[in-house]
Amino acid sequence: MSSRFVAGMTVDEVLRAAEAIQQQGIASTLDSLGENVTTPQEAQRSADIYHRLLDAIQSRRLNANVSVKLTQMGMDLDTHHEQARSIVSDLVDHAVAANTFVRVDMEGCEYTQATIDLVRALHAKPANRGHVGIVIQAYLYRSAADIAALTQEGIRIRLCKGAYKEPPDLAYPQKSHVDGNFVKLTRQLLDTAGNANNDAASVANNGSVTGIYHGIATHDDAMVEAAKSYVKEKNIDRHSFEFQMLYGVRRDLQRALVAEGYNVRVYVPFGAEWYPYFMRRLAERPANVLFLAKNMLKS
Ligand code: FDA
């Protein structure tokens with residue numbers, strides 16, 4: 001049942017999935033599932049998988065990058081996060097050499113500031129500009145200020161609603177408020193995209209666009225429509241940002257956006273530690289349980 005949302009257990013399987021997605025005109029970001037490792041050896045083993053992915057992205061010329069979780073890279077192993085910083089720094093160096101990009105996923109609120117600090121420190125190295133980016137969650141009150149600071153430095157942002165259970169003093173408890181903030185933050189990001197007349201943000205990231213190349217990550221039709229209408233209203237280049245969705249979710253919408261000429265990237269998770277990820281996807285949308293059960297009965 002999990003194969004709807006998880007692209008297999010091995011590196012070979014995820015690469016095959018990325019190639020199939022690419023044939024539909026969709027880019028990918030590869031995620032080796034796992035979080036909160038407890039030993040340095042475990043953290044390094046997790047990173048080794050990402051090094052294999054980066055080699056394969058380069059050798060197979062895939063339109064792909066990688067997404068990593070800091071707790072999987074040893075964030076909890078020392079108070080100053082030296083272990084995670086060193087491991088992710090090596091990954092970003094590798095991504096620079098492979099001409100691709102490392103997205104640092106955002107986890108629960110206890111990691112927000114440390115994640116921002118670490119990504120800013122890595123991005124400050126001139127060779128890394130445009131090769132490491134972050135995720136900002138629309139449910140957090142602090143996010144508009146974080147986006148302002150990060151875009152000032154030219155850091156690429158993936159905007160999502162946020163997937164963790166957070167307290168009401170830090171995050172909007174109501175979905176309608178999260179949605180409202182997502183629309184506001186989408187506009188804030190798009191103002192720093194390709195053709196925005198904003199000098200502070202005019203950094204070249206991969207040589208083909210000037211401005212910051214952000215990701216709008218959602219399956220919500222209303223959020224997608226809000227982004228599209230802002231792009232139209234401000235005459236923003238459609239290729240100066242991308243929509244991002246999860247593997248197996250709203251494939252109809254992914255295809256429709258590609259057909260309309262938008263850039264789309266799919267987040268492709270794989271690996272032995274698929275279970276918590278799979279359960280989060282089911283919890284997000286109980287109808288998925290029914291959908292999967294029906295398919296299982298059919299097969
Ligand atoms: P919402 O949950 O409001 O759903 C809107 C509609 O989308 C639903 O009505 C349904 O139609 C469809 N939909 C949503 N989820 C579905 C599912 N599982 N199956 C089928 N349909 C579904 N979070 C985080 O905290 N840190 C991170 O780093 C990331 N990274 C990330 C990357 C990418 C590429 C995506 C798409 C998402 C994330 N997330 C994340 C998860 C994100 O925060 C959020 O939990 C989910 O994307 C669900 O939010 P939506 O915007 O899709 O809207």
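The values are calculated or read from the model by the stated rules, or taken from the named source; none is laboratory data. Given the structure is predicted, the values throughout are model-derived calculations rather than measurements. Positions of Cβ are generated from backbone atoms using ideal geometry, with glycine treated the same way; all protein chains shown enter the neighbour counts.
Only one residue in 88, 119, 92, 96 is closer than 17 Å to residue 152 by Cβ and either in a helix (DSSP H, G or I) or within 14 Å of the ligand (Cβ to nearest atom) (or both), so which one is that?
119
Can you tell me how many residues in region 229-271 are hydroxyl-bearing (Ser, Thr, Tyr) and more than 10 Å from the ligand (Cβ to nearest atom)?
The total comes to 4.
Among the residues of region 64-80, are any free of Cβ contacts under 8 Å to residues at least 60 places away in the same chain and at positive phi?
yes
Any residue that is in contact with an Asp or Glu (Cβ under 8 Å, 6 or more places away or on another chain), assigned to a strand (DSSP E or B) and under 26 Å from residue 83 (Cβ atoms) - is there at least one of those in region 139-161?
yes
Could you list all residues from region 189-212 that are modelled with pLDDT under 95 and either within 16 Å of the ligand (Cβ to nearest atom) or in a strand (DSSP E or B) (or both)?
Answer for region 189-212, where residues must be modelled with pLDDT under 95 and either within 16 Å of the ligand (Cβ to nearest atom) or in a strand (DSSP E or B) (or both): 204, 210.
Could you please find all residues in region 156-173 being in contact with a Cys (Cβ under 9 Å, 6 or more places away or on another chain), more than 6 Å from the ligand (Cβ to nearest atom) and of a type outside the set (A, V, I, L, M)?
166, 167 - these are the residues of region 156-173 that are in contact with a Cys (Cβ under 9 Å, 6 or more places away or on another chain), more than 6 Å from the ligand (Cβ to nearest atom) and of a type outside the set (A, V, I, L, M).
Any chance you could count how many residues in region 213-241 are under 15 Å from the mean Cα position of the chain (by Cα) and more than 26 Å from residue 2 (Cβ to Cβ)?
4
So which helices (runs of 4 or more DSSP H) stay within region 218-299 end to end and still have 2 or more residues that are at pLDDT below 95, touching a helix residue (DSSP H, G or I) at 6+ places or on another chain (Cβ under 9 Å) and of a type outside the set (Val, Ile, Thr)?
By residue number, 275-284, 287-298.
Would you say residue 35 is within 18 Å of residue 105 (Cα to Cα) and surrounded by fewer than 20 Cβ atoms within 10 Å (Cβ to Cβ)?
Judged against the criteria, residue 35 is a match.
Does any residue in region 13-39 that is on the phi > 0 side of the Ramachandran plot come within less than 9 Å, Cβ to Cβ, of a residue that is of a type in the set (S, T, N, Q) six or more places away or on a different chain, and which pairs are these?
Close Cβ pairs (under 9 Å, with a partner that is of a type in the set (S, T, N, Q)) amount to 34/46; 34/71; 34/72; 36/71; 36/72.
Confirm whether residue 44 is surrounded by 14 or more Cβ atoms within 10 Å (Cβ to Cβ) and polar (S, T, N, Q).
Yes; evaluated as a whole, the condition is true for this residue.
Go through (1) farther than 30 Å from residue 49 by Cα; (2) surrounded by 18 or more Cβ atoms within 10 Å (Cβ to Cβ); (3) away from the ligand (no atom under 14 Å from the Cβ) and name the single condition residue 226 misses.
Here residue 226 clears every test but (3).
For region 174-188, enumerate the residues that are within 29 Å of residue 122 (Cβ to Cβ) and more than 10 Å from the ligand (Cβ to nearest atom).
181, 184, 185, 186, 187, 188
Touching a helix residue (DSSP H, G or I) at 6+ places or on another chain (Cβ under 7 Å) and under 22 Å from residue 274 (Cβ atoms): does that describe residue 77?
When the stated conditions are applied, residue 77 does not pass them.
Assess whether residue 104 counts as being more than 16 Å from the ligand (Cβ to nearest atom) and modelled with pLDDT of 95 or more.
no
Hey, among the residues in region 131-155 that are under 21 Å from residue 245 (Cα atoms) and more than 13 Å from the ligand (Cβ to nearest atom), which one's farthest from the chain's Cα centre (by Cα)?
Checking each candidate, the answer is 147.
In region 1-45, what residues are within 25 Å of residue 76 (Cβ to Cβ), in a helix (DSSP H, G or I) and out of contact with any helix residue (DSSP H, G or I) (no Cβ under 9 Å at 6 or more places or on another chain)?
Result: 41, 45.
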